[in-house]
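Undergrad: What follows is a structure written as structure tokens; I'll ask about it next.
The values are calculated or read from the model by the stated rules, or taken from the named source; none is laboratory data. All values derive from a computational prediction rather than experimental measurement. Note: ideal-geometry Cβ built from the backbone for every residue, glycine included; neighbour counts use all protein chains shown.
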Amino acid sequence: MKVPFVDLTEQHREIRDEIDAVIREIIDQSRFVGGPHVETFERDFAAYCGTRYAVACKSGTDALKLALMAVGVGRGEEVITVPHTFIATVEAITSVGAHPVFVDIDKATYQMSPDRVAEFLEGECRVEKDGRVVNKNSERPVVALLPVHLYGLPSDMQPLLALADRFGLKVIEDAAQAHGASYQLDGEAKRTGTFGQVGAFSFYPGKNLGALGEGGAVVTDEEDRDQRMRLWRDHGQSEKYVHVSADGWNMRLDTLQCAVLSLKLKRLDEWNGKRRQAAQWYRERLQNDDRIVLPVEPSGRKHVYHLFIVRVPNRHQVREELSKQGIGVGLHYPISLHLQKAYQHLGYKPGDLPASEAVAESILSLPMFPHLTEEQVDYVCHSLTAALP
Ligand SMILES: *Cc1c(COP(=O)(O)O)cnc(C)c1O
């Protein structure tokens, strides 16, 4: 048996007729940029998340950049984030001229640790008379918190929001892996991307909501931020050839992508449900094996399993063995960002962020996608337990 790491063919087979019809319609009209399909998708995605606005753009990386600009993060300022994430989180920070400050993750949930954030703010920063927070090591202002809802599990937002509030920090969420995940705040389940001022999403094909190519979006409740992001993504134009902002790019998302995303958005809850079912099958088969650390789902948080992560001994050997058995496995991510060559100028060294380092060294991503079958999960679990030392 072969079990690919991700297989999107079933997902597309399921809605193929609808996709074909909408592609045909768009080609018949031959309008490929802007138009009602973009507006409809933005309205539907905002409604799905529970925000007033959504701005569709070219990628999740662009979404993060727009989000940082929308809260006013600028040159020379610092943004607190985690090193255990995809590099785009940090690229967005440096792309606006700001500097990342890495705090360690919680070793059980793999998400930003509120305790480590508190330690950094209380121990390594001072609060000026005007309320500004300054990093004592770099003398730079610390202005924002950027948690990543990694793997589809929401970060622990209640204490993070309390810290942001106490220190006057903006909150930008990287929700690129967590479309439809939710977290209980004050007794109400809220979807990821809606806790801070802005939330960024990616529609890369393999994400829980994926385009037929690249795509992204930012959600927000504030009209002013929504309007500015719309300007920036479209050459700073307020109307055709009237440019009111020197900051401007072409970050628009195609009509076709928006039309397909609208079709898939209708299935997102169902497909997330299938991912959760597959996760449950994994759990039933692996939970009694004490060589394997399974993902946690703390109460009050709904995991949407963008990825199903296990921690195992002898990770490389196990991975090789599973590959030989025809099973696709991934590493998300094998090198903690603070130890990447790209960021060596930041001055971190091995041992500085021990939870992120330990997790990066022992994780393995098992096959996970909505149409994974119980038979396939069975085969993966059987092969995994046989491959473990
Ligand atoms: C995918 C991803 C991004 C970037 O999204 P793109 O659409 O690939 O630019 C950012 N952050 C995280 C955590 C991601 O998984």
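Undergrad: Does the stretch 253-267 hold any residues that are in contact with a Gly (Cβ under 7 Å, 6 or more places away or on another chain) and either of a type in the set (A, V, I, L, M) or more than 30 Å from His371 (Cα to Cα) (or both), and which are they?
TA: Answer for the stretch 253-267, where residues must be in contact with a Gly (Cβ under 7 Å, 6 or more places away or on another chain) and either of a type in the set (A, V, I, L, M) or more than 30 Å from His371 (Cα to Cα) (or both): Leu253, Leu261.
Undergrad: What about Tyr348, is it surrounded by 18 or more Cβ atoms within 10 Å (Cβ to Cβ) and either part of a helix (DSSP H, G or I) or modelled with pLDDT of 95 or more (or both)?
TA: no
Undergrad: Quick one: what pairs do we get from the stretch 373-386, first residue closer than 21 Å to Gly273 by Cα, second among the basic types (Lys, Arg), C-beta under 6 Å, 6+ apart or different chains?
TA: Cys381/Arg285
Undergrad: Right, something else. Name the residue, out of Gly213, Gly206, Gly187, that is modelled with pLDDT under 95 and surrounded by fewer than 22 Cβ atoms within 10 Å (Cβ to Cβ).
TA: Of the residues listed, the single one that is modelled with pLDDT under 95 and surrounded by fewer than 22 Cβ atoms within 10 Å (Cβ to Cβ) is Gly187.
Undergrad: Given the structure, is Val242 over 22 Å from Ala67 (Cβ atoms) and without any contact (Cβ under 8 Å) to a residue 60 or more places away in the chain?
TA: yes
Undergrad: Any residue at all in the stretch 147-156 that is closer than 26 Å to Arg311 by Cα, in contact with a helix residue (DSSP H, G or I) (Cβ under 7 Å, 6 or more places away or on another chain) and either within 16 Å of the ligand (Cβ to nearest atom) or part of a strand (DSSP E or B) (or both)?
TA: yes
Undergrad: Further question: Can you name the residue in the stretch 44-86 that is in a helix (DSSP H, G or I) and of a type in the set (Ser, Thr, Tyr) and is also nearest to the ligand (Cβ to nearest atom) among such residues?
TA: Thr61
Undergrad: So is Asp7 surrounded by 24 or more Cβ atoms within 10 Å (Cβ to Cβ) and either under 30 Å from Glu374 (Cβ atoms) or in contact (Cβ under 8 Å) with a residue 12 or more places away in the chain (or both) or not?
TA: Values: surrounded by 24 or more Cβ atoms within 10 Å (Cβ to Cβ): no; either under 30 Å from Glu374 (Cβ atoms) or in contact (Cβ under 8 Å) with a residue 12 or more places away in the chain (or both): yes.
So Asp7 does not fit the description; no.
Undergrad: Look at Val218 and say whether it is within 25 Å of Ala144 (Cα to Cα) and in contact (Cβ under 8 Å) with a residue 24 or more places away in the chain.
TA: Considered against the rule, which asks whether it is within 25 Å of Ala144 (Cα to Cα) and in contact (Cβ under 8 Å) with a residue 24 or more places away in the chain, Val218 comes out as yes.
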